[in-house]
Amino acid sequence: MDILYIVIALAGIAIGFAIDRILLKRSVDKKLKEAEEQKKLIIKEAEVTGESIKKDRILEAKEKFLKMKSEFEEESNRKKNQIISNENKLKQRESNLSKQIEQNKRAEAELESHKENLQAQLEIVRKRKEEFEKLKSQQVTILEKASNLSADEAKAQLIETLKDEARTDASAHIKEIMEQAQMSATKEAKKIVLQTIQRTATEHAIENCVSVFNIESDDIKGKIIGREGRNIRALEASTGVEIIVDDTPEAIIISGFDPVRREIARLSLHRLVQDGRIHPARIEEIVAKTTKNIEEEIVEIGERTVIDLGIHGLHPELIKLVGRMRFRSSYGQNLLQHSREVAKLCSTLASELGLNPKLAKRAGLLHDIGKVWPDEPEKPHAIIGMELAQKYKENAEVCNAIGAHHDEIEMTSMISPIVQACDAISGSRPGARREIMEQYLKRLKELEDVALSFEGVNKCYAIQAGRELRVMVDAENVTDQRAGELSFNISQKIEKDMQYPGQIKVTVIRETRAVAFAK
């Protein structure tokens, strides 16, 4: 029974397996059929797409061919037109060349004709020259007989006459040329100098060798003098100045050649009067403090000056000397103001001339540094200033400009004449300085003596503060032409022998007087 069940189960399994295979086969066949249909569909789509791409490629190839054909035709036409144009130009040139050859032939024929005419004219000229020589020889013979002079002697006299005339004319021409050159040079120089002066603004202060200390009442004078003059003697001994207490109302005069000492005395008096305690011990204490304050102020003034001018790297001792310039005057002109002005002028003038403005400004500030050196040896201040600049390692051009600004040494750089010129500009301004009367009169006397040294000069007058020289000459011995030469020669001698600011006009006056008496 069990075996039967097993057989039946096996048979069922076999039947089920057979049915599954049949169903699987049907499913596979169905999928294969679908795949075949899909394959045919893809192949058909591929054929359609390929045909479309083929048509597109054919159209693109046709378009490109047509485009290349069009470009080729255009290039061919352009080259063809260019060839035609070149042929036309060549034909035109051949035509022009033919015309030129024809013109040259005609010109050669005309030249031959002119040549023949010129030869004929030369022959005529030669004949006339021979006739002229014969006539000239005859005239020379006649003149020699009439004047009892040979041709060489007459020629020598003529040459001498022409020499005199040429000498006079040359003098006049030289004077005219020199005046024109001077006017041109002066105009350009004035332009640069005026631009420099106009760009530099400064104030001028006249300082003397005395200072005035103002007081509120004359009762303070007694306190300053002290018992038996002890206070005033202590003050004079401490400051090194002279205190003048006179009848001048509400004022005390402080006299001394050193402005620093005068300033110390003035400030000390001011502090003593404010304090009210005036006695020798207090005076010495106040003077000591004031001296220290003045020294500090000197350094501060020097530092402020170099900062204002934009000068860097200056030695502290030189800065201190720059500050001392504030308390020193030169011919009544404050030395620091003068040096600042010269520095600015030098900088501006150096810029106009294309030189180093900073170096020129440095030299301009230090050019009078020797005037405030306390030791004051027997040397010119320019040499002292140069030695100080060399001692404190200043630039060689700056040292030379300091030493050469009064011609004590030879100038070796372009900055040196700039400093000299700017120093003269600052010092020669009207009102900037006071000129010593003796030097002024001496210069005018020397100017007149130069003119009186020439032959034929009767009188001479220097007028307009020495800017013009009027020369009176003897009318019988000096001709009008000689007067022009004399004016030129006097001006040349003044330039050679004298030193003077600006220019001097030389006027020669020649007059003839006829005098008769009616009796």
Report summary line: Simple spin-label estimate for HIS270/ALA518, 7 Å along Cα→Cβ, in nm, reads 8.0
**Report entry** Kirkwood hydrodynamic radius of region 67-108, Cα pairs, Å
**Finding:** 12.6
**Report entry** By average C-beta atoms within 10 angstrom, highest first, the peptides 383-395, 122-134, 413-425, 444-456
**Finding:** 413-425, 383-395, 444-456, 122-134
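I'd like to check one number: the per residue accessible area of region 1-79, probe 1.4 Å, reported in Å² as a whole number.
Per-residue accessible area for region 1-79 comes out at 98 Å².
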Query raised in the report: Between ASN458 and residues 5 or more places away or on another chain, which pairs have amide H atoms under 5 Å apart, with H built 1.01 Å from N, and which residues are they?
Result: MET472, VAL473, ASP474
Query raised in the report: In this model, which of LYS344/LYS493; LYS105/LYS129; LYS459/LYS493 are farther than 27 Å apart at the alpha-carbon?
Result: LYS344/LYS493; LYS105/LYS129
Query raised in the report: Taking the highest mean first, how do the peptides 94-104, 264-274, 307-317 order by number of other beta carbon atoms within 10 angstrom per residue?
Result: 264-274, 307-317, 94-104
Query raised in the report: With labels modelled as points extended 7 Å from the Cα through the Cβ direction, what inter-label distance (nm, one decimal) is found for GLU102 paired with ARG21?
Result: 12.0
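Hey, what did region 297-339 get for relative contact order, percent, Cα under 8 Å, at least 6 apart?
Contact order relative to length: 37 percent.
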Query - Cross-link pairs beyond the 27 Å C-alpha cut-off, checked among LYS361/LYS393; LYS379/LYS442; LYS361/LYS442 - result: LYS361/LYS442
Report summary line: Residue by residue through region 101-118, the couplings from Karplus 6.51 cos²θ - 1.76 cosθ + 1.60 with θ = phi - 60°, in Hz, x for Gly and Pro, are 4, 5, 5, 4, 5, 5, 5, 4, 5, 5, 4, 4, 5, 5, 4, 5, 5, 5
Query raised in the report: Tell me, what is the percent relative contact order of region 270-416, built from C-alpha pairs under 8 Å that lie six or more residues apart?
Result: 15
Report summary line: Answer in debye to the nearest 20: the dipole magnitude of region 468-519 about its Cα centre, from +1 Lys/Arg and -1 Asp/Glu charges placed on Cβ, is 160
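The values are calculated or read from the model by the stated rules, or taken from the named source; none is laboratory data. Only a predicted model underlies this, so the values are computations on that prediction, with no experimental measurement involved. All Cβ positions, even for glycine, are placed from backbone atoms using ideal geometry, and neighbour counts span all protein chains on display. To get the accessible areas, we keep the full protein, side chains included, count just its heavy atoms, and leave off ligands, DNA and RNA. Shrake-Rupley method; radii C 1.70, N 1.55, O 1.52, S 1.80 Å.
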